[in-house]
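**Q** Okay, handing you the structure first.
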Amino acid sequence: MKRQFILFAGFFLVLMLIMRGCTGTSDLDLILAENDLGIATMNTEFGQDSLVSVKLRNNTDSELLIPNDCPSEPLNVFKYTNGEWSAITATPKITCTNTNPVTIQPKEDLLVEYQSWNHVLFGEMGRYKISVITQINGEDKEFTSNEFTITSKSWIGYLWGTFLYQPIFNALIYLISIIPAYNLGLAIILLTIILRLILFIPAQHGLESQRKMQEIQPRIKKLQEKYKNNQEKLAQETFALYKEYKVNPFGSCLPMLFQLPVLIALFYVIKTGLNPDNIHLLYQPLQGFDLTLVNANFFGLLNLLERDVFVLPIIVAGLQFIQMKLAMTKKQAKQEPKKKKMVEAGKGQEMETATQMMVYVMPVMLALFTASVPSGVGLYWGASTLFGIGQQLYVNKKITKPKKNNSEATVKVI
């Protein structure tokens, strides 16, 4: 359990870093400070299907108005073709809640992301630049960004998109297309059940290994006490014990290792995947589906594309707490000599304290994670945890079920 907690905490931190992103700012700041209106892309090179974003900085003492032509693309985009720069445009089928000009206050920045126009505008490899026209002192002035390039995907990006992101994206869209009212929430729950059934066997082995590990802890403690001055012998005897009870010490970590990439992929599917610009990622039979029909309202309770910072985090944390409590439940140990209990009292108290901390810390971490991502991701994790609770109850019943021991059979003497 301790190893599983450390593993989860590590992946949790990595996941948060991935979502926040890490970008150097020194060169960017130099470019943004050059003119009255600084304009620069966040990178000078983007892989295909990577989100292109550009930052604007108002270096004047007055507010500046930036045109908003939604649903047409933000700012002006140019591609270098046949020896000259040509303007390219896109007008996707999206809903624009506000078409008023955007205001940048003095000395402030504005980040523009091409989320709904990304593939249409930047789907081809080549050289690009972006410009903006705004009024300064009553005069229209044009400011142009640095030149940037669109390159082919890296092999990691190709593997990620082809074998993880795209299959999950298409599976989710297919489920949405066959569910009444195109309900995203029901599709996520159904996808969760399918994924958990696919991972059922490795998860089952992992939970059983974790349960058996708990049962053999007294014997492991005995070995630690016996060979405390001989680490090599301790390792040999410990692995022999694992072999005897057919326990994989890393087995309980495997289900989480499988789930985390799926969780990250689903995060990006829900965050950016459900806009019409991603129609090219659908497999041929689904390309006729209109992504604007997706209903992200979960029975009037949640907008699954937005964050929920109160109800869903509490539910997810509560379910995780229940699952951890069930995972820690042990069958009653056999009576042990009092001397042994006295020797192990110090270590037992220390382990008990660490275990109790995990029971409360992990649900809190998950609550914070759920509050920081779209509600659809939290719904997936909550449904997955609920499925895990049912599987844990089954494992608990299976492991603690009394087994007939032939060695205890009595022999009647005549």
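**Q** Normalised by the empirical 2.2 N^0.38 Å for globular proteins, what value does the Cα Rg of segment 33-152 take?
**A** My calculation over the Cα atoms of segment 33-152 gives 1.05.
**Q** Apply the Karplus parameterisation 6.51 cos²θ - 1.76 cosθ + 1.60, with θ equal to phi minus 60°, to every residue of segment 43-53 and state each ³J(HN,Hα) to the nearest whole Hz, in sequence, with x for glycine and proline.
**A** Values per residue, Gly and Pro as x: 9, 8, 8, 10, x, 4, 6, 6, 5, 7, 9 Hz.
**Q** A follow-up question, please. Which of Trp85, Trp117, Trp381 has the fewest other C-beta atoms within 10 Å, and how do the rest follow up to the most?
**A** Trp85, Trp381, Trp117
**Q** Tell me the label-point distance for the pair Leu305, Gln105, using the 7 Å Cα-to-Cβ offset, in nm and rounded to one decimal.
**A** Calculated label separation equals 2.8 nm.
**Q** I need Tyr380, Tyr80 ordered by Cβ neighbour count within 10 Å, fewest first.
**A** Ascending number of Cβ neighbours within 10 Å: Tyr80, Tyr380.
**Q** Still on this structure, please answer the following. Can you list residues whose amide H is under 5 Å from Gln115's amide H, if they're 5+ apart or on another chain and H is modeled 1.01 Å from N?
**A** For Gln115, no residues qualify.
**Q** Order of 137-144, 270-277, 295-302, 258-265 by packing, highest average Cβ count within 10 Å first?
**A** With the highest mean Cβ count within 10 Å placed first, the list reads 270-277, 258-265, 295-302, 137-144.
**Q** Gain in length, Ile178 to Leu30, computed as 0.36 nm per residue apart minus the alpha-carbon separation, to one decimal in nm?
**A** Gain in length upon complete extension: 48.1 nm.
**Q** Quick check on the exposure proxy: order Asp29, Asp36 from fewest to most C-beta atoms within 10 angstrom.
**A** Listing Asp29, Asp36 from fewest to most nearby Cβ atoms yields Asp29, Asp36.
**Q** In sequence order, what are the phi-derived ³J(HN,Hα) couplings for segment 307-320 according to the Karplus relation 6.51 cos²θ - 1.76 cosθ + 1.60 with θ = phi - 60°, rounded to whole Hz, with x for glycine and proline?
**A** Along segment 307-320, the couplings run 7, 10, 9, 10, 5, 4, x, 5, 5, 4, 4, x, 5, 5 Hz.
**Q** Which percentage, to the nearest 5, of the DSSP beta bridges contained in segment 33-152 is antiparallel?
**A** Bridges in segment 33-152 that DSSP calls antiparallel: roughly 90 percent.
Quick note: the coordinates plus some simple rules give every number you see, no bench work behind them. Treat the numbers as computed from the prediction; the structure is a model and nothing was measured. Note that each Cβ is placed from the backbone with ideal geometry, even for glycine, and that neighbours are counted across all protein chains shown.
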